[in-house]
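*Asks:* Sharing a structure, written as structure tokens. Questions coming.
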Amino acid sequence: MTEEERNLGQRWFEEVWNRGRRDAIPEMLAPDAVLHEAGLDSVGPDGFYPLFDRIHAAMDEIQTTAHGTIAEGDRLCVRWSFPASGKTIHVTGITIMRIADGKAVEGWQNWDMLGMMEQIRGTARAATYVAAS
């Protein structure tokens with residue numbers, strides 16, 4: 001794996017999520033790449049755009065932090081987190097990418113969706129309580 005390929009995971013989180021660069025997706029994701037997340041598969045940039053659009057619509061100030069990467073063979077693993085929309089919600093996850101010719105050709109993503117939903121629900125309850133007081 002080249003040094004550029006080793007940096008692909010950190011570049012992905014910086015360009016796509018932190019900078020919100022939708023146009024960076026096809027720069028790093030192969031046209032026929034398969035992404036596995038939450039029991040669903042999406043194919044290529046066109047399959048990934050709906051997730052990108054939903055997350056950026058819901059959390060316009062998302063800032064991810066890549067806490068570390070591990071590369072072995074053609075696989076790259078990134079451990080990451082983000083606070084959602086500048087609130088006190090904290091989400092963690094792991095992304096594994098299979099890299100070929102400088103792009104992700106397959107990816108597996110696992111993040112704490114339930115924890116995020118529970119934090120959002122708890123924040124909404126606290127706001128309702130404060131407003132009612």
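*Asks:* Just wondering, is there one or more residues in segment 4-13 that are open to solvent by 60 Å² or more (accessible area, probe 1.4 Å), at pLDDT below 90, more than 25 Å from Met116 (Cα to Cα) and not polar (S, T, N, Q)?
*Replies:* Scanning segment 4-13 turns up at least one residue that is open to solvent by 60 Å² or more (accessible area, probe 1.4 Å), at pLDDT below 90, more than 25 Å from Met116 (Cα to Cα) and not polar (S, T, N, Q).
Per-residue answers, yes or no, for (1) among the basic types (Lys, Arg); (2) modelled with pLDDT of 90 or more; (3) open to solvent by 60 Å² or more (accessible area, probe 1.4 Å):
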site	(1), (2), (3)
Ala30	no, yes, no
Leu40	no, no, yes
Pro45	no, yes, no
Ala126	no, no, no
Val130	no, no, yes
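*Asks:* Grab the helices (runs of 4 or more DSSP H) fully contained in segment 1-76, keeping just those with 1 or more residues being closer than 26 Å to His90 by Cβ and without any contact (Cβ under 8 Å) to a residue 60 or more places away in the chain.
*Replies:* Values: elements: 3-6, 8-12, 25-28, 44-58.
Once the helices (runs of 4 or more DSSP H) in segment 1-76 are filtered for at least 1 residues that are closer than 26 Å to His90 by Cβ and without any contact (Cβ under 8 Å) to a residue 60 or more places away in the chain, what remains is 8-12, 25-28, 44-58.
*Asks:* Step by step: first the residues of segment 74-105, then only those that are among the small types (Gly, Ala, Ser) and either open to solvent by 60 Å² or more (accessible area, probe 1.4 Å) or within 16 Å of the chain's Cα centre (by Cα) (or both), then the one that is modelled with the highest pLDDT. Which residue is that? Show your work before the answer.
*Replies:* We begin by selecting, within segment 74-105, every residue among the small types (Gly, Ala, Ser); these are 81, 84-86, 93, 100, 102, 104.
Retained after the next criterion (residues that are either open to solvent by 60 Å² or more (accessible area, probe 1.4 Å) or within 16 Å of the chain's Cα centre (by Cα) (or both)): 81, 84-86, 93, 104.
On the way: Ser81: 85, Ala84: 54, Ser85: 51, Gly86: 53, Gly93: 88, Ala104: 95.
Applying the filter and picking the extreme gives Ala104.
The values are calculated or read from the model by the stated rules, or taken from the named source; none is laboratory data. Computed from a prediction, not measured in an experiment: that's the story for all the values here. Here the Cβ is made from the backbone with ideal geometry for all residues, glycine too, and neighbour counts use every protein chain on show. In case anyone asks, the SASA skips ligands and DNA or RNA and just uses the protein heavy atoms, side chains included. Shrake-Rupley method; radii C 1.70, N 1.55, O 1.52, S 1.80 Å.
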